[in-house]
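**Student:** Take this structure, written in structure tokens, and hold onto it; I'll ask about it next.
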Amino acid sequence: MNRRIFFGASLLALLLSALPAAAQTPIVIKFSHVVAKDTPKGLAADYFADLVNKRSNGKVKVEVYPNSQLYKDGEEMEALQLGSVQMLAPSLAKFGPLGVPDFEAFDLPFIFDNYDELHRVTTGPLGKNLLKKLEPKGIVGLAYWDNAFKDFSANKPIKAPADFKGLKMRIQSSKVLDSQMRSLGVNPQVMAFSEVYQALSTGVVDGTENPPSNFYTQKMHEVQKYMLRSQHGYLGYAVIVNKKFWDGLPADMRKIIDDAMAEATVYANKIAKQKNDEDVEAVRKSGKTTIIVPTDAERLELKKAMMKVHREHENRIGADLIKAIYKETGFDPTKL
């Protein structure tokens with residue numbers, strides 16, 4: 001009997017000693033973003049989280065916080081650097097104020113005419129070298145995610161450059177976007193994304209620029225009478241992670257996250273195009289916003305009006321980088 005008690009006690013002790021390993025606290029990645037769950041970024045973030053949660057067998061748990069639940073877009077970068085969140089997908093315009101103005105090349109109006117040109121940069125050596133420039137800031141860049149090309153909106157018809165003169169339009173904090181708006185005679189207003197709907201509805205600003213997915217999911221079609229399908233600039237994101245946190249992860253977990261990110265990026269870019277096409281139609285069907293489609297000649301006039309922005313920011317962004325993008329995309333500004 002004593003032997004049985006001893007054996008039972010030993011077995012219980014063995015099982016208890018194994019519990020911490022079996023019930024090990026998962027590594028938590030808080031992934032914060034400022035847009036709605038049903039936007040391309042929101043859908044891609046959830047897709048990525050599901051992949052990591054499943055493939056790590058619960059060892060890594062990605063928690064996604066959409067719609068500025070944790071931080072507004074003016075706060076989230078500092079939160080990442082402080083380690084309050086581990087992962088973000090900020091728009092590329094956010095890296096200029098951080099001290100890496102090279103990324104503002106993506107804000108240059110009409111520097112990309114289509115996704116093929118864009119992806120030659122984001123998936124090639126130029127894009128990878130740009131991400132490496134974030135590491136001295138305590139940030140590791142994992143991938144680029146598309147949203148779409150942007151359209152202008154306002155409460156008056158806008159088509160020709162002269163139509164924009166005197167409007168107050170919201171922008172992200174970006175020297176390039178400031179110059180872009182001023183090239184059209186616009187008074188740019190820097191504002192957090194979460195505040196734009198209210199500002200449009202109360203007339204604090206007259207208009208803005210957005211991909212259709214952001215325009216529709218934030219209900220801006222309810223407070224903007226016109227959308228110009230200008231597709232004048234690119235809005236994309238870099239998925240980034242706190243460097244100290246990243247470097248401290250076990251190698252096998254980093255591999256799982258990297259592989260999941262590669263798969264999520266393919267999904268993100270596919271869903272971005274699909275979602276934006278759907279949301280253009282949703283805006284059209286709402287009957288609340290008139291969609292203006294410029295002719296090729298009208299779009300060219302906008303392009304000519306804004307091309308001086310490229311020259312104005314050569315010193316800030318880097319003339320060599322801008323020329324390298326021209327070479328990669330086949331763009332020749334002298335032919336305008």
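**Student:** So is K304 within 30 Å of N155 (Cβ to Cβ) and in contact with a Pro (Cβ under 9 Å, 6 or more places away or on another chain) or not?
**Tutor:** yes
**Student:** So K273 clears everything in (1) of a type in the set (K, R); (2) surrounded by fewer than 17 Cβ atoms within 10 Å (Cβ to Cβ); (3) more than 19 Å from E209 (Cα to Cα) except one condition, right? Which one?
**Tutor:** (3)
**Student:** Quick check, is P333 without any contact (Cβ under 8 Å) to a residue 12 or more places away in the chain and not basic (K, R)?
**Tutor:** no
**Student:** Starting from residues that are at pLDDT 95 or above and in contact with a Lys or Arg (Cβ under 7 Å, 6 or more places away or on another chain), keep the ones in region 138-162 and report whichever is farthest from L126 (Cα to Cα).
**Tutor:** Among those residues, the one meeting the criterion is N155.
**Student:** Of the residues in region 293-305, how many are surrounded by 15 or more Cβ atoms within 10 Å (Cβ to Cβ) and part of a loop (DSSP other than H, G, I, E, B)?
**Tutor:** Of the residues in that region, 1 qualify.
**Student:** Next question. Which fully enclosed helices (runs of 4 or more DSSP H) of region 154-227 have 3 or more residues being in contact (Cβ under 8 Å) with a residue 40 or more places away in the chain?
**Tutor:** Passing ranges, in order: 175-182, 212-217.
**Student:** Hey, could you check region 63-76 for residues that are within 16 Å of the chain's Cα centre (by Cα) and part of a loop (DSSP other than H, G, I, E, B) and say which is surrounded by the fewest Cβ atoms within 10 Å (Cβ to Cβ)?
**Tutor:** K72
**Student:** A further question on this structure: Working carefully through the options V266, V283, find the one that is surrounded by fewer than 18 Cβ atoms within 10 Å (Cβ to Cβ), modelled with pLDDT of 95 or more, assigned to a helix (DSSP H, G or I) and not charged (D, E, K, R).
**Tutor:** On inspection, the qualifying residue turns out to be V266.
**Student:** Do we find that K54 is touching a residue at least 40 places away in the same chain (Cβ under 8 Å) and not aromatic (F, W, Y) in this structure?
**Tutor:** For K54, the condition - touching a residue at least 40 places away in the same chain (Cβ under 8 Å) and not aromatic (F, W, Y) - is not met.
**Student:** Run down A49, A36, A105, A79 and say which single residue is under 22 Å from P250 (Cα atoms), under 17 Å from the mean Cα position of the chain (by Cα) and either part of a helix (DSSP H, G or I) or modelled with pLDDT under 95 (or both).
**Tutor:** A49
**Student:** Test of understanding: among T265, T290, which residue is touching a residue at least 40 places away in the same chain (Cβ under 8 Å), hydroxyl-bearing (S, T, Y), in contact with a strand residue (DSSP E or B) (Cβ under 7 Å, 6 or more places away or on another chain) and farther than 27 Å from E104 by Cα?
**Tutor:** T290
**Student:** Sticking with this one: Can you pull out every residue in region 228-237 that is outside any loop (DSSP other than H, G, I, E, B) and not aliphatic (A, V, I, L, M)?
**Tutor:** Across region 228-237, the qualifying residues are Y234, G236, Y237.
Here's the yes/no breakdown for (1) of a type outside the set (D, E, K, R); (2) under 27 Å from F215 (Cα atoms); (3) surrounded by 14 or more Cβ atoms within 10 Å (Cβ to Cβ):
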| position | (1), (2), (3) |
| --- | --- |
| I256 | yes, no, yes |
| D279 | no, yes, yes |
| M307 | yes, yes, yes |
| E312 | no, no, yes |
| D320 | no, no, no |
| G330 | yes, no, no |
| L336 | yes, no, no |
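**Student:** Does Q180 satisfy the condition of being modelled with pLDDT under 95 and among the polar types (S, T, N, Q)?
**Tutor:** no
The rows are residues; the columns are (1) within 18 Å of A148 (Cβ to Cβ); (2) acidic (D, E).
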position	(1), (2)
K72	no, no
M77	no, no
L80	no, no
S91	yes, no
E104	no, yes
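The values are calculated or read from the model by the stated rules, or taken from the named source; none is laboratory data. All of these numbers come straight from a predicted model, not from anything done at the bench. Reconstructed Cβ throughout: ideal geometry from the backbone, glycine too, with neighbour counts over all protein chains shown.
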